[in-house]
Amino acid sequence: MKATNQIRGNCQLCGNQQATTGFAMAKHGYTVEYGYFSGVCRGDQHAPLQNDRSVADRVIAQVRAEADDFIVKAEKVKAGEISPKIVVRTDIWRNKTEVPFAEATRSEQDSARNTFEWALRGRASAARQFADHLERCANEYHGTALVEVIKPAKAAPILVGDVKGDRTVTSVEGGRVYYKIEGKKSTGFWLGTQAWRKLAA
């Protein structure tokens, strides 16, 4: 197969460089499970940062506001104005049960408050780091040209009957190439696809 060119830009929601399709980002940030996209970044609905940063700027402001809210809430937890609703109690066998906060011991309540407070502070820190990252990307890429890259040609598929030396492919399952060796009865040999391709013909 021939190598192809791809136009790439930076996403307004994650900042990462990905392929573009026309005027918007291509789908990215996903896994494919059972034939369906899972966990797609919603940046595929927007223009790349090179052409527009309005969505990124709005997200940055929202995320920073959320970080501030987390800190305000953490301070209220520290002051005893807010408490978690549930306390997780662990017995000597490490079995965990949930009990209402009011029914927990003073020690359990203190520990639960402390955990809740630092979880909120951690979320605030993560939110600020993300907002800073996205702002750096917007400042760096907005107004610059999209990037054209050459995608390398895909490797030819490995087919049943392909031969490398005295080895013949009997089946290909996922990333495994099963083969038989001339003169041997066993057919349970296998290699990863990359290792198979590196074998001398």
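How many residues are part of a helix (DSSP H, G or I), surrounded by 10 or more Cβ atoms within 10 Å (Cβ to Cβ) and out of contact with any His (no Cβ under 7 Å at 6 or more places or on another chain) if we restrict to the range 55-102?
24
What do you reckon, is Glu135 in a helix (DSSP H, G or I), out of contact with any Pro (no Cβ under 9 Å at 6 or more places or on another chain) and more than 30 Å from Gln17 (Cβ to Cβ)?
Numbers: in a helix (DSSP H, G or I): yes; out of contact with any Pro (no Cβ under 9 Å at 6 or more places or on another chain): yes; more than 30 Å from Gln17 (Cβ to Cβ): no.
No.
Return the pairs, sorted by first residue and then second, in which the second residue is modelled with pLDDT of 95 or more and part of a helix (DSSP H, G or I), the first residue lies in the range 105-124 and is farther than 19 Å from Asp91 by Cα and of a type in the set (Asp, Glu), the beta carbons are less than 8 Å apart, and the residues are 6+ apart or on different chains.
Here the result reads Glu117/Ala74; Glu117/Val77; Glu117/Lys78, each pair linking the range 105-124 to a residue that is modelled with pLDDT of 95 or more and part of a helix (DSSP H, G or I).
Kindly evaluate Glu108 against the criterion of being acidic (Asp, Glu), more than 30 Å from Cys137 (Cα to Cα), touching a Lys or Arg at 6+ places or on another chain (Cβ under 9 Å) and not in a helix (DSSP H, G or I). I'd like the intermediate steps shown before the answer.
Values: acidic (Asp, Glu): yes; more than 30 Å from Cys137 (Cα to Cα): yes; touching a Lys or Arg at 6+ places or on another chain (Cβ under 9 Å): yes; not in a helix (DSSP H, G or I): no.
Criteria not met by Glu108.
For the range 123-159, what are the residues that are surrounded by 15 or more Cβ atoms within 10 Å (Cβ to Cβ) and among the hydroxyl-bearing types (Ser, Thr, Tyr)?
If the condition is that a residue be surrounded by 15 or more Cβ atoms within 10 Å (Cβ to Cβ) and among the hydroxyl-bearing types (Ser, Thr, Tyr), then Tyr141 is the only one that fits.
The values are calculated or read from the model by the stated rules, or taken from the named source; none is laboratory data. In this text the structure is predicted, and so the values were computed from the model without any measurement. Positions of Cβ are generated from backbone atoms using ideal geometry, with glycine treated the same way; all protein chains shown enter the neighbour counts.
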